[in-house]
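Okay, so here's the structure we're looking at.
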Amino acid sequence: AAPTAVAPTPVPPTPTAKAPTSKGKIVVAIGAEPETMEPGHAQSQPLIMTLFNVVDRLVERDPKTLQLRPSLAEKWDQVKPDTWRFSLRKGLKFQDGSPLNADAVVFNMNRLNDPQMRIQADFANLQQAKAVDEFTVDLTTKDTDPILPLRIMRALIESKKFIQENPELVPLQGVGTGPYKFVEW
């Protein structure tokens, strides 16, 4: 006798989880405190985990492809062997209400290139940051620097207004354009 085919038993679909709804607040707990909120010292994991959600960069890596992608800069081009031009997104504001513009980026890049900043080694080849117009910045290097956009990922752009008006708070509070606002330590 030939075996008879047995009909498969239907399996009910797995219920999908309902997406959580926002309550308007996120509390982040990390195993160690950042030693400072100073963007020029963005070396430690606790600081990076905190600041990279508060303060944006000109470019960032796509987490799937690992390719550089726009963040505060819409695009960038090497216009001369020693000069990279970054075109900024328009209409962005820092969390203190001041505008993201070329002046703020130039201020931050020159500040990060200060020999007193620990991150300065990443930008030791940077000769000058210069505003071309309100939303365009040229970064000129001492020598040809084909990977400057890769290093720019470490340059966190904070509010110039906040830094100038509150220098004593810079180590305690980041003010950027990111999706989260730092409220308290």
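The values are calculated or read from the model by the stated rules, or taken from the named source; none is laboratory data. Keep in mind the model is a prediction, meaning the values are calculated, not measured. When we count neighbours, we look across all protein chains shown, and the Cβ atoms used for this are built from the backbone with ideal geometry, even at glycine. All accessible areas refer to the heavy atoms of the entire protein, side chains included, with ligands and DNA or RNA removed. Shrake-Rupley method; radii C 1.70, N 1.55, O 1.52, S 1.80 Å.
Structure above, values below:
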{"quantity": "The stretch 81-109, subset within 21 Å of P146 (Cα to Cα) and either free of Cβ contacts under 8 Å to residues at least 40 places away in the same chain or assigned to a loop (DSSP other than H, G, I, E, B) (or both), residue least open to solvent (accessible area, probe 1.4 Å)", "calculated": "V106"}
{"quantity": "Where L148 falls short, out of the listed (1) closer than 21 Å to P70 by Cβ; (2) in contact with a strand residue (DSSP E or B) (Cβ under 6 Å, 6 or more places away or on another chain); (3) surrounded by fewer than 17 Cβ atoms within 10 Å (Cβ to Cβ)", "calculated": "(3)"}
{"quantity": "Complete set of residues in the stretch 22-56 that are in a loop (DSSP other than H, G, I, E, B), modelled with pLDDT under 70 and hydrophobic (A, V, I, L, M, F, W, C)", "calculated": "V28, A42"}
{"quantity": "Sole residue being more than 12 Å from T83 (Cα to Cα) and hydrophobic (A, V, I, L, M, F, W, C), chosen from L112, L126, L139", "calculated": "L112"}
{"quantity": "Whichever residue in the stretch 119-137 is in contact with an Asp or Glu (Cβ under 9 Å, 6 or more places away or on another chain) and either among the basic types (K, R) or in a helix (DSSP H, G or I) (or both) and, among such residues, is modelled with the lowest pLDDT", "calculated": "Q120"}
{"quantity": "T65 vs. criteria more than 22 Å from F123 (Cα to Cα), outside any strand (DSSP E or B), out of contact with any Lys or Arg (no Cβ under 8 Å at 6 or more places or on another chain) and modelled with pLDDT of 80 or more", "calculated": "yes"}
{"quantity": "Options E158, E168: the member that is over 21 Å from K80 (Cβ atoms), part of a loop (DSSP other than H, G, I, E, B), out of contact with any Asp or Glu (no Cβ under 7 Å at 6 or more places or on another chain) and open to solvent by less than 20 Å² (accessible area, probe 1.4 Å)", "calculated": "E158"}
{"quantity": "Selection count, the stretch 62-73, where residues are of a type in the set (D, E, K, R) and either on the phi > 0 side of the Ramachandran plot or open to solvent by less than 100 Å² (accessible area, probe 1.4 Å) (or both)", "calculated": "2"}
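Residue-by-condition table, conditions (1) under 27 Å from G178 (Cβ atoms); (2) of a type outside the set (D, E):
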site: A131; (1), (2): yes, yes
site: F135; (1), (2): yes, yes
site: D138; (1), (2): yes, no
site: K142; (1), (2): no, yes
site: D145; (1), (2): yes, no
site: L148; (1), (2): yes, yes
site: E158; (1), (2): yes, no
site: I163; (1), (2): yes, yes
